[in-house]
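See structure below.
The values are calculated or read from the model by the stated rules, or taken from the named source; none is laboratory data. Predicted model, so just to flag it, every value in this text is computed and none were measured. With ideal geometry, Cβ positions are generated from the backbone for all residues, glycine too; neighbour counts draw on all protein chains shown.
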Amino acid sequence: MAQINSLLAIRQAVKTHYETYVYPQFPLLSSVRRCDTYALNLESLWSRFNGEKLGSEEQRILLAGCGSFSPYPTAVANPNAKITALDLSSANLQRAKFHTLLHFHFNVDFITGDLGDASVFLGKDRFHFIDCYGVLHHIPDVCSALRSIHSLLKPGAFVRIMVYSHCARKLVQSAAKAMRILRINNTNKIRDIYNNTTNGSRFRQCVDSSYESRFDWGLADLFLHPYAKAYRLDELLSLLDKAHLEPLLFTHQEASSDTQLEIKKLRTLEANQLLSTHFILFAGRTEDSEIRNKWQKDKTRVDTVISLNPVIKKSLPLLPFMPLKPDQKLGFENPPIDVKGNFLLSRFKHPVKKSTIDSIRWQAIQEYLRALFLIETID
């Protein structure tokens, strides 16, 4: 009973925090370029992991801990999907709803609630893609949250996760602990401390390294959050395994597209205290591994079809005098879409059989496939 009461108290404290500091609090008129939402497009992600086309009429997305902004870019990337935005904070949801409607996107349902109780208010709903970005490290019963995510995934579906790395977050965690000991509970006092520190101090470096610290909502999220746990890699992998989830693709900065190689690299960096990034990855149900393995084999022996990511398709300029370069979202620098690239990608506005592509163009096409500008499917 004491443990339950403790979990409920933390949940209420987290809710109160986000009712006070709506996160993130971007200007309501701020917009995103459509091309920068390419890596949120469900049709393209489904093709990447399953090698299948997913009809737009059946696409279901859950934003599990949506904050005040993510429903908008997700709706831009998926105008035909049915999107459910879930958040503990009604203030977050109110701003998210206003922002989304202000930009004329009407395919998002907004629900106030906790991920651990999702089955209560989502019923039998199941989703092709769950985005749980920057949420799990604020949930004390993370095992329950991950099991809930697993239960909400359709066969072949996947979840995107971002959690704090113990190594990368070490300085922030130390500063946040000091704030609690000193009973500092507002951003004005934190700014006073910052202004009284010398140039080059560790605390000043900690604040300066974060773009969000320029704003009260960012500063509060860094140092005043009532519950923020940072994870070591093997701890995270163990939690995923217990929830019957497995890593599919890491997408943090400089991540390898080979999952096992990336895990090995992260372990080495972590052991040497050199890991400077948080963990961002896609994970899928372990029981779907045969589907994904079959697709990896089929890619090498079946005449697959190459087509454009729908977001990139809509973003290609008619007169490509200026290169189009979507912001990187998969951990590496994107290839620019210059005049030559625009001409090449335009060829795939309609699906093209891989067998019809000559070897000279194939190298450039592989780069665009890796970047998710192009997608590959069985049919």
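Here are some notes:
- Looking at region 194-296, the helices (runs of 4 or more DSSP H) lying wholly inside it that each contain 2 or more residues that are of a type in the set (Lys, Arg) and in the same structural domain as residue 69 (by TED's automatic domain parsing) sit at 259-271.
- Every pair of residues 6+ apart whose Cβ atoms lie under 6 Å, when the first sits in region 291-309 and is without any contact (Cβ under 8 Å) to a residue 60 or more places away in the chain while the second is surrounded by 10 or more Cβ atoms within 10 Å (Cβ to Cβ) and not aromatic (Phe, Trp, Tyr): 303/353; 303/354
- Flag for residue 111 being buried (at least 18 other Cβ atoms within 10 Å of the Cβ) and either under 14 Å from residue 65 (Cβ atoms) or modelled with pLDDT under 95 (or both): no
- Among the residues listed as 117, 125, the single one being surrounded by fewer than 16 Cβ atoms within 10 Å (Cβ to Cβ) and without any contact (Cβ under 8 Å) to a residue 40 or more places away in the chain: 117
- Region 308-329, residues that are assigned to a strand (DSSP E or B) and touching a Lys or Arg at 6+ places or on another chain (Cβ under 8 Å): 308
- Test: residue in region 125-145 that is assigned by TED's automatic domain parsing to the domain that holds residue 9 and of a type in the set (S, T, N, Q): yes
- As a summary of the residue check, residue 149 satisfies the conditions (1) assigned to a helix (DSSP H, G or I); (2) touching a residue at least 40 places away in the same chain (Cβ under 8 Å); (3) more than 27 Å from residue 271 (Cβ to Cβ); (4) more than 15 Å from the chain's Cα centre (by Cα) except for the one numbered (4).
- The sole residue among 360, 337 that is touching a helix residue (DSSP H, G or I) at 6+ places or on another chain (Cβ under 9 Å), of a type in the set (Val, Ile, Thr) and either farther than 27 Å from residue 128 by Cα or assigned by TED's automatic domain parsing to the domain that holds residue 248 (or both) is 337.
- Among the residues of region 87-96, those identified as surrounded by 18 or more Cβ atoms within 10 Å (Cβ to Cβ), touching a strand residue (DSSP E or B) at 6+ places or on another chain (Cβ under 8 Å) and assigned to a helix (DSSP H, G or I) are 93, 96.
- Long-range neighbours under 6 Å by Cβ, at least six apart or interchain, first residue touching a residue at least 24 places away in the same chain (Cβ under 8 Å) and closer than 13 Å to residue 150 by Cα within region 241-259, second among the polar types (S, T, N, Q) and assigned to a loop (DSSP other than H, G, I, E, B): none
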